[in-house]
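Novice: Before we start, here is the structure in question, set down as structure tokens.
The values are calculated or read from the model by the stated rules, or taken from the named source; none is laboratory data. Just so it is clear, the model here is predicted, and its values are computed rather than measured. Counting neighbours? That spans all protein chains shown, and the Cβs are built from the backbone with ideal geometry, glycine included. For the accessible areas, the whole protein counts, side chains as well, though only heavy atoms, and no ligand, DNA or RNA atoms are used. Shrake-Rupley method; radii C 1.70, N 1.55, O 1.52, S 1.80 Å.
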Amino acid sequence: MNATATEAKAKFKLGVTLYSFGPEWAAGQYDLESMLAKVDEMGIGPGVEIMASQTVRTYPHTSDDFIKEWLGYCDKYGFEPSAYGTNLDMGRNRAKEMTEDEEYDFVLTQIEAGAKMKFPVIKIQSAGGALLTRLLPHAERLNVKLGYEIHAPEGPNTPKIMAIRETYAKLDSPLLGFVPDFSSTMQTMGRTMLQAMRNKGLDEAAVDKMQEFWASDEPVYDRINGFISYLEGRGFDPNRLGPFGRMAFNMNGHIAPEEWNDIMPQVVHVHAKFFDMNPDGQVDAIDYPKHTRILVEGGYDGYISSEWEGHAFADMGEVDPFEEVRLQQELMKKYM
């Protein structure tokens with residue numbers, strides 16, 4: 001291997017988002033330290049990402065005691081804070097949506113906490129120009145980057161993301177970026193999700209037809225409606241699928257991975273999404289060699305968070321998420 005390839009290989013680090021273990025956390029099987037201890041035991045890391053709304057019991061506010069505990073655990077286990085996920089709960093008050101001032105205060109509270117917890121990247125859910133204009137001076141003061149997540153069914157060049165790219169261009173700040181999620185750039189639907197559909201009553205012909213609709217270039221809304229019409233034409237009530245019928249299309253995008261190159265200079269964090277590992281230790285639904293090569297050749301030098309989201313389709317206890325993430329990280333290391 002030549003020197004250039006060796007240098008590129010070492011530019012980014014692996015990590016995990018604790019969202020991967022969300023059901024176990026919600027069920028009370030772990031507190032923060034025991035979960036981090038489990039991650040350490042499995043050899044996962046060194047980066048650790050958290051979602052404020054999941055991990056911080058006093059969300060959106062974060063106590064000084066929690067911040068002290070977090071930093072202490074990072075020192076104890078040798079973890080590195082990678083990204084802090086904020087939320088913007090517009091419907092928090094059922095009587096009315098947040099005003100612009102309330103949005104600003106709600107997000108800024110979380111950004112301040114993430115900075116105190118030593119996270120270099122704050123993941124944001126709103127990239128409106130007015131809000132970002134007010135938040136940018138604080139990002140500069142706190143020396144953090146703000147990253148908007150690009151998740152299926154969106155991609156780097158879909159209308160919604162193009163509008164955000166235009167806003168970024170107007171604000172012209174190196175602290176504004178994106179968080180690509182591999183769910184946008186899948187090559188097939190995940191096996192766990194397909195099995196969930198079978199468990200809901202779909203036969204193989206319907207499973208095949210669903211994948212046929214999914215693989216088309218029609219807008220997501222049209223693909224979903226086409227599949228629903230197909231099921232109704234066969235006398236199958238789409239309501240039997242619950243939310244899975246729409247999630248199958250909304251959570252699995254098939255945009256070409258090469259499109260990440262269009263925003264590579266603005267990539268500040270990455271979600272290495274996956275829903276399952278096959279028995280050979282590979283991810284069928286996502287081309288990990290291609291994704292890794294794109295990030296290496298693009299010079300990405302941040303963290304890549306393993307994000308297992310099989311819990312969207314599998315009941316807790318069916319799969320060991322810690323082992324899934326360990327296997328996925330071994331795969332990433334191989335391709336790195």
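Novice: From the residues in segment 169-214 that are of a type in the set (S, T, N, Q) and open to solvent by 10 Å² or more (accessible area, probe 1.4 Å), which one is nearest to residue 136 (Cα to Cα)?
Specialist: 173
Novice: Something else about it: What residue, among those in segment 173-224 that are among the β-branched types (Val, Ile, Thr) and either touching a Leu at 6+ places or on another chain (Cβ under 8 Å) or assigned to a helix (DSSP H, G or I) (or both), is farthest from residue 332 (Cα to Cα)?
Specialist: Going through the qualifying residues, I end up with 224.
Novice: Output the qualifying pairs, or none if there are none: Cβ atoms under 7 angstrom, residues six or more apart or on different chains, first residue in segment 85-98 and among the hydroxyl-bearing types (Ser, Thr, Tyr), second residue modelled with pLDDT of 80 or more and in a loop (DSSP other than H, G, I, E, B).
Specialist: Listed by first residue and then by second, the contacts come to 86/125.
Novice: Another question about this same structure. Enumerate the pairs (first residue in segment 37-54 and within 15 Å of residue 321 (Cβ to Cβ) and of a type in the set (Gly, Ala, Ser); second residue anywhere and at pLDDT 95 or above and open to solvent by 50 Å² or more (accessible area, probe 1.4 Å)) with beta-carbon separation below 7 Å, excluding pairs fewer than 6 apart on the same chain, so at least 6 apart or on different chains.
Specialist: Close Cβ pairs (under 7 Å, with a partner that is at pLDDT 95 or above and open to solvent by 50 Å² or more (accessible area, probe 1.4 Å)) amount to 43/326.
Novice: Please verify whether residue 227 is in a helix (DSSP H, G or I), farther than 29 Å from residue 84 by Cβ, open to solvent by less than 20 Å² (accessible area, probe 1.4 Å) and not assigned by TED's automatic domain parsing to the domain that holds residue 179, treating the condition exactly as stated.
Specialist: It is true that residue 227 is in a helix (DSSP H, G or I), farther than 29 Å from residue 84 by Cβ, open to solvent by less than 20 Å² (accessible area, probe 1.4 Å) and not assigned by TED's automatic domain parsing to the domain that holds residue 179.
Here is a yes/no grid of residues against (1) without any contact (Cβ under 8 Å) to a residue 40 or more places away in the chain; (2) within 17 Å of residue 26 (Cα to Cα); (3) not assigned by TED's automatic domain parsing to the domain that holds residue 50:
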residue	(1), (2), (3)
287	no, no, no
296	no, no, no
301	no, no, no
308	no, yes, no
320	yes, yes, no
323	no, no, no
326	no, no, no
329	no, no, no
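Novice: If I go through segment 120-143 residue by residue, how many of them are within 19 Å of residue 64 (Cα to Cα) and open to solvent by less than 30 Å² (accessible area, probe 1.4 Å)?
Specialist: 1
Novice: Are any residues in segment 241-277 farther than 24 Å from residue 229 by Cβ and part of a helix (DSSP H, G or I), and if so, which ones? Walk me through it before giving the result.
Specialist: In the first step, residues of segment 241-277 are kept if they are farther than 24 Å from residue 229 by Cβ; the result is 255-277.
Hits for segment 241-277 are 257, 258, 259, 260, 261, 262, 263, 264, 265, 266.
One line per residue, one yes/no per condition, for (1) out of contact with any strand residue (DSSP E or B) (no Cβ under 6 Å at 6 or more places or on another chain); (2) acidic (Asp, Glu); (3) modelled with pLDDT under 95:
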{"position": "64", "(1), (2), (3)": "yes, yes, no"}
{"position": "67", "(1), (2), (3)": "yes, no, no"}
{"position": "80", "(1), (2), (3)": "no, yes, no"}
{"position": "88", "(1), (2), (3)": "yes, no, yes"}
{"position": "95", "(1), (2), (3)": "yes, no, yes"}
{"position": "103", "(1), (2), (3)": "yes, yes, yes"}
{"position": "126", "(1), (2), (3)": "yes, no, yes"}
{"position": "132", "(1), (2), (3)": "yes, no, no"}
{"position": "165", "(1), (2), (3)": "yes, no, no"}
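Novice: Can I ask one more? Just checking, does segment 111-119 include any residue being within 30 Å of residue 288 (Cβ to Cβ), surrounded by fewer than 17 Cβ atoms within 10 Å (Cβ to Cβ) and in contact with an Asp or Glu (Cβ under 7 Å, 6 or more places away or on another chain)?
Specialist: no
Novice: Is there any pair with a first residue in segment 140-153 that is closer than 26 Å to residue 190 by Cα and a second that is assigned to a helix (DSSP H, G or I) and small (Gly, Ala, Ser) whose Cβ atoms are under 9 Å apart and which are 6 or more apart or on different chains, and what are they?
Specialist: Every condition considered, the pairs that remain are 150/184; 151/183; 151/184; 152/183; 152/184; 153/183; 153/184.
Novice: Something else about it: With the checklist (1) open to solvent by 60 Å² or more (accessible area, probe 1.4 Å); (2) of a type outside the set (Ser, Thr, Tyr); (3) in contact with a Gly (Cβ under 9 Å, 6 or more places away or on another chain) in hand, flag the one item residue 301 doesn't pass.
Specialist: Only one criterion in (1) open to solvent by 60 Å² or more (accessible area, probe 1.4 Å); (2) of a type outside the set (Ser, Thr, Tyr); (3) in contact with a Gly (Cβ under 9 Å, 6 or more places away or on another chain) is unmet by residue 301, namely (3).
Novice: Then there's this: Looking at residue 280, is it part of a loop (DSSP other than H, G, I, E, B), in contact (Cβ under 8 Å) with a residue 12 or more places away in the chain and open to solvent by 40 Å² or more (accessible area, probe 1.4 Å)?
Specialist: So residue 280 fails the test.
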